[in-house]
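Read-outs: derived from the displayed coordinates by stated rules, not from any lab. Quick caveat, the model's predicted, so the values are computed rather than measured. Cβ placement follows ideal geometry from the backbone for every residue including glycine, while neighbour counts extend to all protein chains displayed.
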Amino acid sequence: MKKNIRKIAVVVTARPSYSRIKTALDAIRAHPELELQLIVSASALLSRFGNAIEVMERDGFEIAAKAYTVLEGGEPELMAKTTGLGMIELATVFSNLKPDIVVTIADRYETIATAITAACMNIPLAHVQGGEITGNIDEKIRHSITKLADYHFVSSEPAANRVRRLGESPDCVFVTGCPSIDLAREIIERPDLDFNPFEKYGGVGVNVDLANGYLVVMQHPVTTDFEHAREQVTETLYAVNDLGIPCLWFWPNTDAGTDGTSNGIRSFREQFRPTNIHFFKNMDPKDFLRLLYNSKGIIGNSSVAVRECAYLGVPAINIGNRQDGRDRADNLVDVPYNRKHIKQAIERHFHNGRMESNDIYGNGYGGQAIADALSSVALKFQKTLPF
């Protein structure tokens with residue numbers, strides 16, 4: 001007898017969430033027993049943060065629903081209000097689409113709106129990237145989603161152990177690896193920088209010469225220290241500008257403190273007119289990883305430095321405590337928000353060149369593993385603690 005087709009609603013709320021789930025979306029869409037319902041919400045809909053929905057549509061994905069939820073302003077209370085608005089909007093979306101399983105991704109504050117809404121509506125919930133440790137509010141959100149979720153698609157065995165220790169049934173914890181590593185595997189197989197980033201993505205600033213090497217910077221505000229976002233990014237700007245190495249700098253996420261980070265960048269740009277830095281909002285995930293692979297290294301506090309760059313062997317300078325506690329490879333060194341320390345770390349660490357690939361976050365086949373699990377798990381909603 002032919003199985004019923006399961007409707008899988010995947011909610012993408014931000015540009016990094018898309019790269020974290022893209023290969024799973026491909027696998028769900030291609031799976032004969034699954035129907036993909038792609039829902040785009042929050043900052044993934046906003047041009048200020050790169051308009052990630054346009055990338056999804058260029059990749060051929062049909063958008064089942066949009067949920068406009070972001071209240072901008074960079075203050076913590078607006079994060080809370082955005083979460084509440086997300087629940088209101090997603091309740092209507094889920095009611096219309098009637099999914100069999102909802103999938104939420106990682107640890108951003110917008111994602112908990114997905115989790116709470118699915119739980120309140122008795123819809124089984126799958127969580128991608130649970131069980132990991134980081135600094136700031138993200139860790140609280142991630143572990144809260146773990147307790148709301150029915151299925152857990154984790155990146156590593158240490159993450160799986162943390163989920164089990166939180167009381168989750170071992171039968172519902174799947175070590176799939178992170179789907180973003182699937183993209184990194186594809187880049188290693190075809191690593192050439194085969195596009196002109198300035199022609200393809202525009203951006204702001206001088207079109208720097210990439211022929212002799214370049215840096216990549218991605219620095220976000222820290223939600224638990226958002227008042228200092230401007231001064232923190234200014235230290236990095238001074239360090240990169242003083243070195244004079246060509247640099248491709250990417251815009252921050254929409255978190256508390258994002259206005260401080262953005263205003264710090266704009267002020268520095270207007271005051272010093274740097275000739276070695278070009279600024280971008282967003283890129284296609286594969287283009288971004290290909291750009292990273294061919295760089296001298298990445299600077300900032302993005303999880304891409306910890307996860308994808310570990311697999312790619314790209315040297316990384318992690319600034320501050322935003323990624324505290326993450327499982328990490330040898331590609332990463334930590335420095336404080338201090339221009340002198342940042343400069344010294346770049347000069348010392350990036351001199352080593354590309355490092356050995358590390359599969360701590362997956363072997364490059366996570367998307368298919370997630371789709372296969374979604375097609376075979378027993379549909380369930382209620383959980384009972386094992387103690």
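Quick notes on this structure:
- Dipole of the chain, positive direction: furthest Cα of PHE279, ILE28, ILE265, with charges on the beta-carbon: ILE28
- Working from label points 7 Å from Cα in the Cα-to-Cβ sense, the LYS66 to SER95 distance is 2.1 nm.
- For the chain, the alpha-carbon radius of gyration amounts to 0.95 times the rule-of-thumb value 2.2 N^0.38 Å expected for a compact globular protein.
- Farthest towards the positive end of the charge dipole of region 190-352, among the residues CYS309, HIS228, LEU215, is the Cα of LEU215, using unit charges on the Cβ of Lys, Arg, Asp and Glu.
- Site pair ARG348 and LEU193 shows an inter-label distance of 2.6 nm when each label is modelled 7 Å from Cα along Cα→Cβ.
- Each Lys and Arg contributes +1 and each Asp and Glu -1, all at the Cβ; summed about the Cα centre of region 229-387, the dipole is approximately 200 debye.
- Across region 31-163, the volume of the C-alpha convex hull divided among the residues equals 123 Å³ per residue.
- When the charge dipole of region 1-156 is built from unit charges on Cβ atoms (+1 for Lys and Arg, -1 for Asp and Glu) and taken about the Cα centre, the candidate among THR69, MET56, LEU85 whose Cα reaches farthest toward its positive end is MET56.
- Under the span-like rule (Cα at least 18 Å along the axis, Kyte-Doolittle mean at least 0.5), DSSP H helices of the chain: 76-97
- Lysine pairs in region 190-352 with Cα atoms under 22 Å, if 8 or more residues apart or on separate chains: 7
- Computed over region 190-352, the convex hull of the alpha-carbon atoms projects to a mean area of 8.8 nm².
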